[in-house]
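The values are calculated or read from the model by the stated rules, or taken from the named source; none is laboratory data. It should be emphasised that the depicted structure is a prediction, and the values quoted were computed from it without experimental measurement. Counting neighbours? That spans all protein chains shown, and the Cβs are built from the backbone with ideal geometry, glycine included.
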Amino acid sequence: MKNSFSFCVTSFVTVCAAFSASAGNWPAWRGPEGTGISNEKNLPLKWSTSENVRWHVELPGPGNSSPIVWGDRVFVTQALEKENRRTLMCFDRANGKQLWQSGVTYAEQEPTQENNPYCSGTPASDGKLVYACFGSAGVSAYDFAGKEVWHRDLGKLTHMFGNSVSPILAGDLCILNFGPDAKARLIALNKKTGETVWKAEPPKPDESERQQGPGGRGFGPGMFMAPQMLSQADKNGDQKLSKDEFAALADVWFDKLDPDKTGKLTQEQLTEKLVEVLPPPPGFAGRQGGPPGEGPRPGGGRGGGPGRFVGPGLFSAADADKDGSLTREELKATFAKWFAEWDRDKSGALDETKLREGLNAALPRPQFGGPDGPGGRGPGGPA
């Protein structure tokens, strides 16, 4: 099944076309003021496959970017993954006819996750040029005929969730916000030439917080596991787990992971059941997610809750005899080993920082999309 979505222009655009060019423009992400609010009146409240739809165009692949409108043109970014292209597409506002498609070639595979295809950033326009940021493939400016006016390579941008940068236009500047990662920064380019006007970087972390791979220490599994462990096992409310509390958590988890009392768990069972002890944090659309994707991005597999990217690492760490099954004794032994290693100051307790750093060191950094196949989208993964 082709993994794509359709892009529709409704009566909303048609209504705008009846007004002045200024009133009818939607030039950037969330509109002219970045608020997502339109001043237009009498907009339609209902849509179907036929009602209030002026035209309907299917795009080559998946996309999260928003279309923008200027005058009689509609622009949207789109990745052509098989061709290794990051592109900007232009349509006639009146009838949906594709007028042109321009872009850049970038062959290297970027890490992302199943609900964030390449080219997720929304373009922006000042009525003269259209600006699009393609992540590691750079930022480009095109005229309304599709000719590239300038292109800037701003270096490789790596983030576990992928890239989604939407340019902001202010005066003579095209402003881009990158991060959070090792190259987090705010950069302003001359929108006519693409030359850097200024850039601002966040304060450098101290040694204990330095980045260790894409996304930094805070973006490993400990980011969401540590708070949940504390909330589940901290009996006296001191925001720390004693040795006994941490050991008891292993028993509680195994009881929930093994409701049939078989005494053993396979990796697949652990992965499927882990949502019972680690509910999806805010931003996950569903508990189990969608089916495996079909695109060529790395990662792939079924979307879904934390089990899909924590389960395999946890199973590997705890299956001491490597027999393909996890027992209660193995899980408890793993928790005991972790407590001894993570309590470096011998205080007899683990606070959230110790838990987070320990989990990030003990478990692999999440690779969204799961282990099952080539990359794509799953409707229940992180939003």
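Per the listing V53, V57, the residue uniquely among the β-branched types (V, I, T) and in contact with a Gly (Cβ under 8 Å, 6 or more places away or on another chain) is V57.
Being modelled with pLDDT of 55 or more, small (G, A, S), closer than 25 Å to E245 by Cα and surrounded by fewer than 21 Cβ atoms within 10 Å (Cβ to Cβ) is the requirement here; does G307 meet it? So that I can check it myself, show each step before the final result.
Details: modelled with pLDDT of 55 or more: yes; small (G, A, S): yes; closer than 25 Å to E245 by Cα: yes; surrounded by fewer than 21 Cβ atoms within 10 Å (Cβ to Cβ): no.
No; evaluated as a whole, the condition is false for this residue.
When segment 308-322 is filtered for residues that are touching a Leu at 6+ places or on another chain (Cβ under 7 Å) and assigned to a helix (DSSP H, G or I), the ones remaining, listed by number, are V310, G311, G313, L314, F315, A317, A318. For the residues K128, K156, K147, the requirement of being in the same structural domain as F91 (by TED's automatic domain parsing), in contact with a helix residue (DSSP H, G or I) (Cβ under 7 Å, 6 or more places away or on another chain) and surrounded by fewer than 18 Cβ atoms within 10 Å (Cβ to Cβ) singles out K156. Counting residues in segment 250-271 that are charged (D, E, K, R), at pLDDT 90 or above and within 27 Å of K346 (Cβ to Cβ) gives one or more.
Counting only residues that are within 20 Å of H151 (Cα to Cα), at pLDDT below 95 and aliphatic (A, V, I, L, M), segment 188-221 holds 0 of them. Every test in (1) in a loop (DSSP other than H, G, I, E, B); (2) out of contact with any helix residue (DSSP H, G or I) (no Cβ under 7 Å at 6 or more places or on another chain); (3) of a type outside the set (S, T, N, Q); (4) surrounded by fewer than 23 Cβ atoms within 10 Å (Cβ to Cβ) is passed by P117 save one, and that test is (4). Looking at this structure, is S38 assigned to a loop (DSSP other than H, G, I, E, B), modelled with pLDDT of 85 or more, touching a Gly at 6+ places or on another chain (Cβ under 9 Å) and surrounded by 13 or more Cβ atoms within 10 Å (Cβ to Cβ)? Considered against the rule, which asks whether it is assigned to a loop (DSSP other than H, G, I, E, B), modelled with pLDDT of 85 or more, touching a Gly at 6+ places or on another chain (Cβ under 9 Å) and surrounded by 13 or more Cβ atoms within 10 Å (Cβ to Cβ), S38 comes out as yes.
In the condition set (1) of a type in the set (G, A, S); (2) assigned to a loop (DSSP other than H, G, I, E, B); (3) in contact with a Pro (Cβ under 6 Å, 6 or more places away or on another chain), G162 is compliant with all but (3). Pairing each residue of segment 189-212 that is closer than 16 Å to F178 by Cβ with any residue that is hydroxyl-bearing (S, T, Y) and modelled with pLDDT of 95 or more, provided the two are 6+ apart or on different chains, yields C-beta distances under 7 Å for L189/T196. Taking the criterion of being small (G, A, S) and in a strand (DSSP E or B), the residues of segment 126-159 that qualify are A132, S140, A141.
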